[in-house]
Amino acid sequence: MNRRIVIIGGTGSLGRELVKFYDKGDYAESIVVFSTDPHKQVSLAREVSKKCSFVLGDIRRYRSVVDAIDGADVVVHAAALKHVDLGETNVSEFLAVNVDGANIVADACMRKDIPKVLFISSDKAVEPVNFYGKTKAIGEDIFLSRGFSVIRYGNVVNSNGSFLSVWRNAIESGKEIIIRNPDPTRFYLELCHAVELVDSAIEATEDGLFIPATLRSFSISRAFTLFQEAIDELLPMYGIYAWRHAPLMPGEKQHEVLLGKYENGTQFNDILCLVGKGTNGTLNHSDFSSKTSTIMTDDEIRAFIKHSLQ
């Protein structure tokens, strides 16, 4: 199809998968990868076709965003600073990128009259208790207020900074693994599922705030027990490692939610729900908590742990 898609933050974990997904299909005739990291751009360029072009730019610079999205049919805004702990200690940077940068992207898309715009959000934006989550909540409002769409979902396993990569990096660098107490629960999402959600939101016939229709969650402490089992089989490779319990970090929730107390909505299609404010709707809030949603089995957790260690 004769479509031009721009992926802002196209060299991040999700961005890379989106670029490769659309590069292989016939959805887009051209794909623009917009990001700040030249090394990641060079690396990604080796994996994709000539219909992908690369633009170095910063979402905090209006002109670079406007130039990059010129002529686009679809813009996906996946660029953000992440991690709860970093947000608590780097307020100015998170504000500049996640709020000011998001506002610049939304304004540029309005100016260029882009037909479809999608903002990538996070479960941390729901009833936020940390600065990162607050910036994502504001980002949602920025895009929704302009009539654009938002997709909100939970932790993506094996993405940059996910708990499995943190644990593995700690072992490889000789640092302690820290397990939070009381035991947190988190939503489970693979990158391929995140891409499917994004693609479905882009294809949606209306704009709005979307969340996954089906959710899986798991206990971090249970995942760590199974992680230890997997690592013990590979001790000659990884050696001895240390771990300890520690309290939840400032701003860290024990359980995540994807649907707030003052939100409701309805099933939109097989994989998405459309969320609105107020009490009208058919969604059950308890189905959208990592504490009470469908819990993964041990075998399922073992499978994604072993995949991450390959």
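What follows is calculated from the coordinates using simple rules that are stated; it is not laboratory data. Everything numeric here is computed off the predicted structure, so don't read it as measured data. All Cβ positions, even for glycine, are placed from backbone atoms using ideal geometry, and neighbour counts span all protein chains on display.
Backbone phi angles across the range 28-45, fed through the Karplus curve with coefficients 6.51, -1.76 and 1.60 (θ = phi - 60°), yield HN-Hα couplings of 10, 7, 9, 10, 9, 9, 10, 6, 9, 10, x, 5, 5, 5, 4, 4, 5, 4 Hz in residue order; Gly and Pro are listed as x. The aspartates and glutamates within cross-link reach of LYS112, meaning a Cα-to-Cα straight distance under 15 Å and a gap of 8 or more places when in the same chain, are ASP67, ASP70, ASP73. Comparing SER162, SER290, SER173 in a Gaussian network model of the chain, where Cα atoms under 10 Å apart are tied by springs, the biggest mean-square fluctuation is seen for SER173. Distance from the Cα centroid of the range 100-160 to that of the range 221-258 is 30 Å (rounded to whole angstrom).
Positive end of the dipole of the range 17-100, charges at C-beta (+1 Lys, Arg; -1 Asp, Glu), about the Cα centre: which of SER49, ALA68, SER35 has its Cα farthest in that direction? It is SER49, whose Cα lies furthest towards the positive end.
Legend: distances between Cα atoms for LYS40/LYS253; LYS116/LYS253; LYS175/LYS306; pairs beyond 26 Å are LYS40/LYS253; LYS116/LYS253. Panel order for TRP243, TRP167, by other beta carbons found within 10 Å of each beta carbon, from fewest to most: TRP243, TRP167.
Quick one: helix 191-203 against the long Cα principal axis of the chain, what's the angle to the nearest 10°, folded into 0 to 90? That works out to roughly 30 degrees. When the Gaussian network model of the chain links Cα atoms closer than 10 Å, the mean-square fluctuations of LEU283, LEU191, LEU234 top out at LEU234. Cβ crowding within 10 Å ranks GLU206, GLU29, GLU190 as GLU206, GLU29, GLU190, fewest other Cβ atoms first.
Of ASP270, ASP113, ASP141, which has the largest mean-square fluctuation in a 10 Å C-alpha GNM of the chain? Comparing ASP270, ASP113, ASP141 in a Gaussian network model of the chain, the most mobile one is ASP270. Exposure proxy shown here: for LEU14, LEU259, the number of other Cβ atoms within 10 Å sets the order, fewest to most, as LEU14, LEU259.
Axis angle, to the nearest 10 degrees, between helix 220-232 and the longest C-alpha principal axis of the chain: 70 degrees.
Please work out how much length the chain gains when fully extended from GLU29 to ARG244, using 0.36 nm per residue of separation minus the C-alpha to C-alpha distance, in nm with one decimal.
Fully extending the segment from GLU29 to ARG244 adds 72.3 nm.
Gain on full extension, evaluated as 0.36 nm per residue between ASP58 and THR205 minus their Cα-Cα distance, stands at 49.9 nm.
Given a Förster radius of 25 Å and the C-beta distance between SER173 and ARG46 as r, what FRET efficiency does 1/(1 + (r/R0)^6) yield to the nearest 0.05?
On the way: r = 27 Å, r/R0 = 1.10.
Efficiency, rounded to the nearest 0.05: 0.35.
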